[in-house]
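To start, the structure under review is shown below, and the notes come after it.
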There are 4 protein chains.
Amino acid sequence: MIRAGVVGASGLAGGELIRLIIQHPDLELTFLGGSSSIGKRPAQLHPGLRIDHGLTVRPVTDDIADHVDVIFLATPAPVSAELAALLADRVPAVIDLSGAFRIRTPELHDRWYPKVRRRADLADRFVYGVPELVGDQFADAALISLPGCYATAITLGLAPLALGLGLELRTVLVDGKSGSSGGGLKLRTADLHPFRSGAIAPYAPTGHRHAAEVGDFLKRSRPGAIGSLTMSAYGVSHVRGLLASSYVFTDRAVDERELLRAYLRFYKGHRFVRVRRHTETLIPVPDPQAVLGSNFCDVTVLHDDEGDRIVVLAALDNLVKGAAGQAVQAMNLRFGLPEETGLTTQPVMPA
Amino acid sequence: MIRAGVVGASGLAGGELIRLIIQHPDLELTFLGGSSSIGKRPAQLHPGLRIDHGLTVRPVTDDIADHVDVIFLATPAPVSAELAALLADRVPAVIDLSGAFRIRTPELHDRWYPKVRRRADLADRFVYGVPELVGDQFADAALISLPGCYATAITLGLAPLALGLGLELRTVLVDGKSGSSGGGLKLRTADLHPFRSGAIAPYAPTGHRHAAEVGDFLKRSRPGAIGSLTMSAYGVSHVRGLLASSYVFTDRAVDERELLRAYLRFYKGHRFVRVRRHTETLIPVPDPQAVLGSNFCDVTVLHDDEGDRIVVLAALDNLVKGAAGQAVQAMNLRFGLPEETGLTTQPVMPA
Amino acid sequence: MIRAGVVGASGLAGGELIRLIIQHPDLELTFLGGSSSIGKRPAQLHPGLRIDHGLTVRPVTDDIADHVDVIFLATPAPVSAELAALLADRVPAVIDLSGAFRIRTPELHDRWYPKVRRRADLADRFVYGVPELVGDQFADAALISLPGCYATAITLGLAPLALGLGLELRTVLVDGKSGSSGGGLKLRTADLHPFRSGAIAPYAPTGHRHAAEVGDFLKRSRPGAIGSLTMSAYGVSHVRGLLASSYVFTDRAVDERELLRAYLRFYKGHRFVRVRRHTETLIPVPDPQAVLGSNFCDVTVLHDDEGDRIVVLAALDNLVKGAAGQAVQAMNLRFGLPEETGLTTQPVMPA
Amino acid sequence: MIRAGVVGASGLAGGELIRLIIQHPDLELTFLGGSSSIGKRPAQLHPGLRIDHGLTVRPVTDDIADHVDVIFLATPAPVSAELAALLADRVPAVIDLSGAFRIRTPELHDRWYPKVRRRADLADRFVYGVPELVGDQFADAALISLPGCYATAITLGLAPLALGLGLELRTVLVDGKSGSSGGGLKLRTADLHPFRSGAIAPYAPTGHRHAAEVGDFLKRSRPGAIGSLTMSAYGVSHVRGLLASSYVFTDRAVDERELLRAYLRFYKGHRFVRVRRHTETLIPVPDPQAVLGSNFCDVTVLHDDEGDRIVVLAALDNLVKGAAGQAVQAMNLRFGLPEETGLTTQPVMPA
């Protein structure tokens, strides 16, 4: 058994990691770290998880390596940055779910994460990326940084165009729609149920950091792959799941049929990405409710003859494929397990 | 008292018209027309409206002019087309809420409404448009065609740019998010609560007719005002209200301050359009929940320095400003009443 | 014009009072009081209310009588108790929406409101009750205390049995289901959208204060009217509206037909109480969505031959008939206006 | 591998069975039966289940025994009655999820299921019950009938009182609250999203069949265990999960501490029933959202000193523990597998 620890155990991603770890056949939950909930048991923090492993939340201390083989950081970026420095050479595998190490280009990092001081030595040792695209680099990686929930969906949606077909994505506009779990559990009036239910909240009409993250990744992956990428993000009236719509103008025309073939080819063998036709089932897809609770990312590509644009839609469960599930997927690759180990749960729908 | 009739009394827009007419100080509800609910009282069709006016739903017949001074058509486009031909010279004022007479350019009409045969003589007599923009043409108009719910929001959002500032809107991408009441009451599995609740349903990722409608109007209003306008529309997990986001690339740069001033100037004196700063209240606006049940359209304009685009957000209640309320507003102008008569209800929020 | 002030202007009931006051033909909003939001305009606190009356929230001070003819207290019970003492002989009409003066029997008050010290002189001057039942006492009343949202629904549901038919209600079990707006805007993790959406939260399975309030009122109204009254209350996954189900065992059998007649008779002439048959419209009623935004209380009575019990269902909008609307209704009666003045809004449904 | 078939494959319970079967380590899905969706693949009917087993929906024919070792009937009661007669001696294990064979007392059956003609020979061969209570009878049973979703929750809630403590439950009032998935996928206007969202729909204020089912079971289990049991059922505004509240008056007083101990004792070793304290986590429990997607039933017991009643709350996912999950649990017991095989999914929360 691989001994696993979770820091940030009281948050939503932390709770989801606990859920997935206790369902995983090769993992044993041996450590819960945090700062605000010291002494609490999982069931007190996560109402669904009435488990008794005898674990309570503890501060992260030097001797953590005695307890874990892998540690997941579900902590805010500044905390992850500090913890990574502490844990880097003590724990065999550190998997960070925060934004601390996602943007690799130093100036970009400083611009979008001004409060997370970049330590070049540490940052350069992190492997970053979506498992489907950079998974082979995870084998034996000591430090792994995973993309944000939106960044995962957008990257999986654009990669077949930019990296598969080799198109130049001159202008990409992303419109993101997510549920309230994407914002975590901050105590703000705007996030109370009366104001958040029924909302279409334009919380980031400009300036979402995940757009910068995707642009940075695609540019580093293939120079010239992408021109301008902007994003507007909205909170809508459900809890779990997001849909990222990318409206793409490219350097050359590709018809819908060819697009679909390219996507199927690109994700062949990657079971967590489901390339779907828009009308293949009784509701229009992709729709995040059709991946709820699972590690799937559903992707659909369409060509809009009006305006000659490509429409790419990608849906995922922000707490699973957008966070905890993808982290377990990366951990599987890191330790040489089959990628889908412990992640075979089918979507819970309708819910 | 002005005697008012509603055809399509069993639908959601029909019900909303009934609600607004019985609240209106100068209107008397004297006729309910329909085909599928003959003999029913309003309370049987609309659970909230337990009123007793002795009216039941009847077929529309020749002698309707004996009963009404104004008739609202809340019927599907093909039905409206037929009824308009019947009623045109019989009833003093016909106000159509359907798509039958919205697109004025004949080829465009035929392309987007292939099932609604265009009768040029009739079509040319209709006055079409958002009251805030063409309201002066409504005085004494016999035939009025009102924009679709999305078309209203998009047009109100873009008009200050295209018609106020005189910009060329080279490329406009509209992303629309609406609740389930936008789709009416069709009996489809995908619209049952288990599948529609929690959804982000990409029901029209390309090819939404309201985009064509807006383009047609703006081009006719000012040649050269607009280049390409495409739209993607999504159903999200609430019932009432929509948000239309327009991402706009123009021929010259305008900074955010100037944009805001232009919007305030453009809508000065138009009380139903509220130009709002994105952060002026405790939730991000515009958000359709902040206009629920009212005839307001909230509009916000932002400049995104990334990608040099303008972001225009417009929110309205699709059954009020997007349908029944706007129809009453048009009726007020038609009969020389103050524009806001019977429409002073403040938003019901939170709901 | 009657000059009206609202204390507790930042809360949900406060916002609803503002909404109803500015819609009221005979009221002028002249004062906004509070403690936590000093200096704020209504639009900053209530996103839907983008009005400009030049008013901002101020502390309540001695000279308030210069500004208002009536003051509504939408404050927590302990604050209302203090303010009532301050305002009692200064302002012509004080209308309290809190629990401070609801329970009249001293021992019961002390048991259920241990933190609200009872001042007998003041308490005894308050007129308490649902307008439909005690409205004639409101004329010229200087101090009015209004029932809680649940108490209003339960009382309106039981009164025709206890006070109309003169039955002895030996055992009453109330099961209450309400939306999240019933709990106000407290910053608690359990009230954040991710945990409150989709919930059926048994927040008060025993010991709800409104049960004691109803029992106290019915006993004082007719000794022997009621035996045991217990309540369990649940938060369900919507925002506005509640349904109170009373399961009643009485001293003698009354069949369903007679029950219905008794209810219709009891509420004859009371337009805000709609006695409805369970199957009279296309959804089962009463359902709070069918009264949303309005001052109606829908009531249905059924007889269950199994177990020989009476089932009374009462639905209302907790912010309108359960709070602000009922307060305006009481104010109308206090100032000799027609009861429904300013309260003619029909339900906004579906929403 | 045990070969499993599902009849009623297009319904919600059918979809959930497919989900659980393909996650089950010892089951192989080999047959999909139905009548309205002949020829469809699972993914066309269940948007989340994009699996390819090559199976499509087929009519049930005589040769079905060639394909399956166990068949699950997720069909309406009249269909189940017919199919059971056909399959009884052909397939080793028939597990019926419908109401066809639940009520064992003939007169009661005929009263509550007048459209399902009772065949005594067949009916008497069925083993009926909640696995936690009658699971030992499932071993080698050829015909198994499982309780309804509400009946499961109510029975699990009352059994420790009636069968553990041996109390006489003189009067039990059940108030049930469930999401829209409980009603299946019937095409009715009242079930469309606009009318079902935000509802508190009193769909069965009296006369729910599950109440009769529970009464029948408890009386047969221990004569004198129960007096009157009535139920009122409501649809609330979420999709999955139900809460059954039982308000119980007994023949002798038992304090809350003793009650809790009795419940813990009664369910010791039964991992799917979680006896929970009302305040043990950050939301009040039991709440169905805390069991979503899992086979757990959460149970809480309280004593209300007012009125001397016992309050029992039981929450479960109506599609899992209330239907498909419990069916798999029964199948495990039938085939000698550990009860929890394939059912180890932890609740997906928040969702």
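The values are calculated or read from the model by the stated rules, or taken from the named source; none is laboratory data. Note that the coordinates shown come from a computational prediction; the quantities given were computed from them, not determined experimentally. Positions of Cβ are generated from backbone atoms using ideal geometry, with glycine treated the same way; all protein chains shown enter the neighbour counts.
Below are the figures for this structure:
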quantity	calculated
Test result for A:Val130, within 14 Å of another protein chain (Cβ to nearest Cβ) and either touching a residue at least 12 places away in the same chain (Cβ under 8 Å) or more than 28 Å from A:Asn332 (Cα to Cα) (or both)	no
Qualifying residue in the stretch C:294-301 (condition: touching a residue at least 60 places away in the same chain (Cβ under 8 Å) and either surrounded by fewer than 19 Cβ atoms within 10 Å (Cβ to Cβ) or among the small types (Gly, Ala, Ser) (or both))	no
The lone exception for C:Asp66 - which of (1) more than 30 Å from B:Leu316 (Cα to Cα); (2) modelled with pLDDT of 95 or more it fails	(2)
A:Val273 vs. criteria in contact with a helix residue (DSSP H, G or I) (Cβ under 9 Å, 6 or more places away or on another chain), hydrophobic (A, V, I, L, M, F, W, C), closer than 23 Å to A:Arg240 by Cβ and more than 7 Å from every other protein chain (Cβ to nearest Cβ)	yes
Single match in D:Leu143, D:Leu108, D:Leu97, D:Leu83 (criterion: closer than 18 Å to D:Ala211 by Cβ and among the aliphatic types (A, V, I, L, M))	D:Leu108
Number of the condition not met by D:Ala93 [criteria: (1) touching an Asp or Glu at 6+ places or on another chain (Cβ under 9 Å); (2) more than 14 Å from every other protein chain (Cβ to nearest Cβ); (3) modelled with pLDDT under 95]	(3)
In the stretch A:218-244, residue nearest to B:Gln289 (Cα to Cα) [restricted to those that are more than 8 Å from chain B (Cβ to nearest Cβ) and surrounded by fewer than 22 Cβ atoms within 10 Å (Cβ to Cβ)]	A:Gly227
In the stretch B:93-102, residue surrounded by the most Cβ atoms within 10 Å (Cβ to Cβ) [restricted to those that are under 16 Å from B:Val79 (Cα atoms) and of a type in the set (Gly, Ala, Ser)]	B:Ala100
B:Ala162 being within 27 Å of B:Val116 (Cα to Cα), aliphatic (A, V, I, L, M) and more than 12 Å from chain D (Cβ to nearest Cβ)	no
B:Ala190 vs. criteria surrounded by fewer than 24 Cβ atoms within 10 Å (Cβ to Cβ) and in the same structural domain as B:Arg220 (by TED's automatic domain parsing)	yes
Counted residues, the stretch D:44-55 - those being within 14 Å of another protein chain (Cβ to nearest Cβ) and either of a type in the set (Gly, Ala, Ser) or more than 18 Å from A:His270 (Cβ to Cβ) (or both)	7
Every residue from the stretch D:245-259 that is of a type in the set (Gly, Ala, Ser) and at the interface with chain C (Cβ under 10 Å from one of its Cβ atoms)	D:Ser245
Any chance B:Ala262 is more than 25 Å from B:Thr206 (Cβ to Cβ), more than 14 Å from chain A (Cβ to nearest Cβ), of a type in the set (A, V, I, L, M, F, W, C) and in a loop (DSSP other than H, G, I, E, B)	no
Residue count, the stretch A:85-112 (criterion: in contact with a Lys or Arg (Cβ under 7 Å, 6 or more places away or on another chain) and touching a residue at least 60 places away in the same chain (Cβ under 8 Å))	4
Condition met for B:Val254 (in contact with a Lys or Arg (Cβ under 7 Å, 6 or more places away or on another chain) and of a type outside the set (Phe, Trp, Tyr))	no
Residue check for C:Arg170: surrounded by fewer than 21 Cβ atoms within 10 Å (Cβ to Cβ) and more than 19 Å from D:Pro284 (Cβ to Cβ)	yes
Scope the stretch A:175-217; condition at the interface with another protein chain (Cβ under 7 Å from one of its Cβ atoms), of a type outside the set (Asp, Glu) and part of a helix (DSSP H, G or I); matching residues	A:Ser180, A:Ser181, A:Thr189, A:Ala190, A:His193, A:Pro194, A:Phe195, A:Arg196
Residue check, B:Leu133 surrounded by fewer than 24 Cβ atoms within 10 Å (Cβ to Cβ) and closer than 30 Å to D:Leu12 by Cβ	no
Residue pairs meeting the criteria (Cβ under 7 Å; at least 6 apart or on separate chains; first farther than 19 Å from B:Ala77 by Cα and in contact (Cβ under 8 Å) with a residue 24 or more places away in the chain, in the stretch B:305-329; second of a type in the set (Lys, Arg) and crowded, with 24+ Cβ neighbours inside 10 Å)	B:Asp317/B:Arg240
Residue check, A:His278 crowded, with 20+ Cβ neighbours inside 10 Å, facing another protein chain (nearest Cβ under 7 Å) and free of Cβ contacts under 8 Å to residues at least 60 places away in the same chain	no
Within the stretch B:267-344, strands (runs of 3 or more DSSP E) holding 3 or more residues that are at negative phi and among the hydroxyl-bearing types (Ser, Thr, Tyr)	none
Cross-chain or 6+ apart pairs with Cβ under 7 Å, the stretch D:1-13 first and assigned by TED's automatic domain parsing to the domain that holds D:Gly179, then buried (at least 24 other Cβ atoms within 10 Å of the Cβ) and among the charged types (D, E, K, R)	none
The stretch B:281-327 - residue that is more than 7 Å from every other protein chain (Cβ to nearest Cβ) and at pLDDT below 95 and, of those, farthest from the chain's Cα centre (by Cα)	B:Asp305
Candidate set: the stretch B:21-43, residues that are free of Cβ contacts under 8 Å to residues at least 24 places away in the same chain and more than 7 Å from chain C (Cβ to nearest Cβ); chosen: the one surrounded by the fewest Cβ atoms within 10 Å (Cβ to Cβ)	B:Gly39
Failed condition for D:Ala4, given (1) crowded, with 24+ Cβ neighbours inside 10 Å; (2) within 14 Å of chain A (Cβ to nearest Cβ)	(2)
Residue, nearest to D:Ser232 (Cα to Cα), within the stretch D:142-161, restricted to residues that are touching a helix residue (DSSP H, G or I) at 6+ places or on another chain (Cβ under 6 Å) and assigned to a loop (DSSP other than H, G, I, E, B)	D:Gly148
Matching option when the condition is of a type in the set (S, T, N, Q), within 30 Å of B:Leu313 (Cα to Cα) and crowded, with 17+ Cβ neighbours inside 10 Å, among B:Thr152, B:Thr105	B:Thr152
